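Report on the following structure.
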Amino acid sequence: MLEEYLPFMWLIIFGNIENLILSSQGVVNGVNPKILGGLSIIVVIIWLVLGTVLTEAAIQYSNVISFIGGLAIFILGIQAVYGAIKNLRSKGSA
């Protein structure tokens, strides 16, 4: 059964990193941590259900899906670091 999910292994790993990046962006922007945590849990459950149900249909596109997911995570990471540096610089000059 786990063999079905092996093509998506890196997407699962990068998805967890993406969740951490988005959470850090929320913290930097001052979002309520309880709301942020609740929304994160809801999104993870939705992705779990979608991933479980649609794995059969998506298996032929696993390389494309992994590439797009990795690219999105890379872009979000750059955006998060840029926002954090910008926030630190604005606090440092105040």
Any idea of the accessible area per residue across segment 14-94, 1.4 Å probe, to the nearest Å²?
-> 77 Å²
Under a 10 Å cutoff between Cα atoms, tell me which one of GLN79, GLN25, GLN60 has the largest fluctuation in the Gaussian network model of the chain.
-> GLN60
Got a sec? Charge dipole of the chain, +1 on Cβ for Lys and Arg, -1 for Asp and Glu; which of VAL27, ILE78, VAL43 is way out at the positive end?
-> VAL27
Measuring from the longest principal axis of the C-alpha atoms of the chain, the long axis of helix 9-28 (C-alpha) lies at a number of degrees, nearest 10, equal to 20 degrees
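Could you check how much of the accessible area of the chain is carbon and sulfur, as a whole percent, using a 1.4 Å probe?
75 percent
The values are calculated or read from the model by the stated rules, or taken from the named source; none is laboratory data. Keep in mind it's a predicted model, so treat the numbers as computed, not measured. Positions of Cβ are generated from backbone atoms using ideal geometry, with glycine treated the same way; all protein chains shown enter the neighbour counts. When the accessible area is computed, the model is the full protein with side chains, heavy atoms only, and any ligands, DNA or RNA have been set aside. Shrake-Rupley method; radii C 1.70, N 1.55, O 1.52, S 1.80 Å.
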